[in-house]
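Colleague: Have a look at this one before I ask anything.
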Amino acid sequence: MAITQTVEILSDRRITLEVPREVPMGSVVLTFTPRETPAEGGWPKERVFGCAKGKYRMADDFDAPLDEFKDNM
């Protein structure tokens, strides 16, 4: 059984884990994986809705039946 939790490590270097009841009692192995940090330039910029408007064109016959599938229609 594997459980993934994201926790904050505060200045006192302590963490609190909430363990679901389905996990059996006994010893466990904890693996700490640091979250990715921003690259030198910072986090990626926010995406802007509609920024690709006008860059792509859909063919007028996009919804037209394809000859390859005539036998299946």
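The values are calculated or read from the model by the stated rules, or taken from the named source; none is laboratory data. Please read these numbers as outputs of a predicted model, since none were measured by experiment. So basically every Cβ, Gly included, is an ideal-geometry build from the backbone, and we count neighbours across all protein chains shown.
Colleague: Could you list all residues from region 6-19 that are under 14 Å from residue 30 (Cα atoms) and surrounded by 10 or more Cβ atoms within 10 Å (Cβ to Cβ)?
Modeller: 7, 15, 19
Colleague: Given 42, 50, 26, which one is modelled with pLDDT of 70 or more and more than 30 Å from residue 2 (Cβ to Cβ)?
Modeller: 50
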